[in-house]
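Notes to accompany the following structure.
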Amino acid sequence: MTNAKLLVCIISNEKKLEDILEALIEAGFTGGSILDVRGMFEYLADEIPLFAGFRSLIEDHTKTNKMFMSVMQDEAKLRQAMDIIENIYGSFAETNTGIMFSVDVANIRGIKQ
Amino acid sequence: MSPKLLLIFFIILSYAGVFFVFRKRSLSLLVGMEYLLLGFLFSLVDIEIDSLKPLLFPFLGWIGFLTGSQLKLKYVLRLDKKFYLSVILFTVLLTGTITVVLSALLSAEHAVLIAIALVPISYRTVAQFITEDRFVLFFIGIIPFLAMLLLLLFYFVRLTMDSLLLMVIFILVFSIISRFILTHLDDKKSINLLLVGLIIFISESCAVLGLSSLVVNFCVGIYIANFCPYRDIIFSALYKDEKQLYIMFLLLLGMFAGIRLEPAVFLNSLLIILVVLCCKYLFLKITYFQLQSHHWFYFLAPGGFAITLATDFWLFEGGARASAWFSSFLVSVISLQCISVLMSKSYEV
């Protein structure tokens with residue numbers, strides 16, 4: 001088992017993603033991946049409308065949440081990154097804002113120092 | 001058991017049964033036509049239900065309101081003028097052509113109305129097959145609004161001057177009152193409850209005064225979409241249960257409208273189907289409209305708007321049970337929807 005942690009952060013307000021990434025880079029966190037993901041209810045609710053086709057086109061119901069993943073060297077770095085994200089994005093306590101968590105990383109290959 | 005209680009039992013049973021058979025909240029590609037057929041079956045049971053017909057008006061009102069509440073001017077003005085020109089030409093010319101041909105079969109009034117109702121193309125059906133081409137999806141998405149405007153024009157010609165003025169006053173007064181009341185509420189639950197109340201009140205008032213519930217609510221919806229600060233909450237509330245409400249509407253419509261089981265009705269249906277098939281085929285092949293890159297069967301399904309537009313006029317006329325023209329129309333819509341889906345599916349394979 002390594003000391004590394006995998007930080008997973010899913011945000012529903014993608015407008016803040018760029019600010020979060022810039023702040024992380026400024027603090028020295030340079031590695032990470034971004035994926036488009038969809039919430040469970042968002043997926044279930046995504047039905048083609050009967051009468052509201054025009055509005056669904058205009059508002060583009062295919063919008064996705066953004067998932068940011070990054071391997072942190074240790075617990076201290078992880079907490080620092082989480083604080084930076086929360087400072088910019090705001091609290092995750094509200095419903096439909098997103099989620100942030102970490103998991104221990106057992107083995108790593110390819111991490112850049 | 002009283003006949004009306006029996007009827008309510010039938011509705012609940014059928015709704016639950018069909019819900020179970022189709023196993024999901026979503027509608028099939030037939031956009032609920034199976035529920036209409038079920039309604040026809042109930043109409044064959046000999047129960048006096050004409051006194052319950054006012055139940056249909058709020059459904060039409062809700063569809064009108066939902067349709068109107070999508071029309072935010074800032075969205076509408078974003079689209080290209082050439083695009084609008086091609087959609088308007090498509091809608092108007094296709095309506096005109098179908099009307100001219102159908103006039104040989106039906107009265108001029110019914111020919112115009114069936115033409116207006118059969119020009120819209122089911123967005124839900126098309127979007128299942130064509131997912132990436134946004135030009136086509138926008139094209140399909142705009143047609144129902146134009147059909148609604150054509151229906152409004154049709155009523156302008158059809159109504160007496162007094163009724164016309166009454167309708168205009170109704171639209172203005174209800175728009176202003178609805179906006180005023182909805183703006184002074186600040187929680188979602190109150191807005192939703194009030195919205196339901198408003199739609200029922202507007203629709204039933206229209207029914208009593210012999211006005212179109214669909215058109216009046218459509219216009220009120222447009223006003224709300226552009227001038228009410230809670231427009232998005234209102235739209236979400238209207239949109240949230242669209243499938244369940246539409247299913248109930250189709251069940252009730254099938255039951256109240258009934259179907260005339262006469263050879264002449266089915267012959268007329270067949271002719272309407274042929275006319276629509278030929279006219280749509282020709283129009284979809286015209287390169288100017290830029291729809292020919294997809295298989296033309298995708299665009300054949302009339303969908304929910306067709307039924308809604310024609311139902312509004314059927315009720316406006318008095319809503320006679322098993323009316324010949326309306327029976328022919330409903331059979332044509334169900335058949336066109338089935339043809340479109342079956343052909344599109346086989347084409348996909």
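Scan (1) in a helix (DSSP H, G or I); (2) more than 14 Å from chain B (Cβ to nearest Cβ); (3) more than 12 Å from the chain's Cα centre (by Cα); (4) not aliphatic (A, V, I, L, M) for the single condition A:Glu86 breaks and write down its number. The number of the failed condition is (3).
The residues on offer are B:Ile307, B:Ile272, and the sole one that is assigned to a helix (DSSP H, G or I), buried (at least 24 other Cβ atoms within 10 Å of the Cβ) and more than 14 Å from every other protein chain (Cβ to nearest Cβ) is B:Ile272. Being among the small types (Gly, Ala, Ser) and in contact with a Pro (Cβ under 6 Å, 6 or more places away or on another chain) is the requirement here; does B:Ser213 meet it? It is false that B:Ser213 is among the small types (Gly, Ala, Ser) and in contact with a Pro (Cβ under 6 Å, 6 or more places away or on another chain).
Taking region B:113-134 as the range and being among the polar types (S, T, N, Q), buried (at least 24 other Cβ atoms within 10 Å of the Cβ) and over 13 Å from the mean Cα position of the chain (by Cα) as the test, only B:Thr125 passes.
Taken as a whole, the condition of being on the phi > 0 side of the Ramachandran plot, modelled with pLDDT of 75 or more and not in a helix (DSSP H, G or I) applies to B:Val31. Scan region B:116-139 for residues that are facing chain A (nearest Cβ under 10 Å) and in a helix (DSSP H, G or I) and the total you get is 9.
The set of residues from region A:49-83 being in a loop (DSSP other than H, G, I, E, B), within 14 Å of another protein chain (Cβ to nearest Cβ) and either in contact with a strand residue (DSSP E or B) (Cβ under 7 Å, 6 or more places away or on another chain) or surrounded by 15 or more Cβ atoms within 10 Å (Cβ to Cβ) (or both) comprises A:Pro49, A:Leu50, A:Phe51, A:Ala52, A:His61. Within region B:66-80, if we keep just the residues that are touching a residue at least 60 places away in the same chain (Cβ under 8 Å) and within 9 Å of chain A (Cβ to nearest Cβ), the residue that is surrounded by the most Cβ atoms within 10 Å (Cβ to Cβ) turns out to be B:Ser69.
Residues in region B:27-65 that are within 11 Å of chain A (Cβ to nearest Cβ) and in contact with a Lys or Arg (Cβ under 9 Å, 6 or more places away or on another chain): B:Leu27, B:Leu29, B:Val31, B:Gly32. With respect to the conditions (1) within 26 Å of B:Ile224 (Cβ to Cβ); (2) modelled with pLDDT of 95 or more; (3) polar (S, T, N, Q), B:Thr95 falls short on a single one, namely (1).
The values are calculated or read from the model by the stated rules, or taken from the named source; none is laboratory data. Predicted model, so just to flag it, every value in this text is computed and none were measured. In this analysis, Cβ positions are derived from the backbone assuming ideal geometry, glycine residues included, and neighbour counts consider all displayed protein chains.
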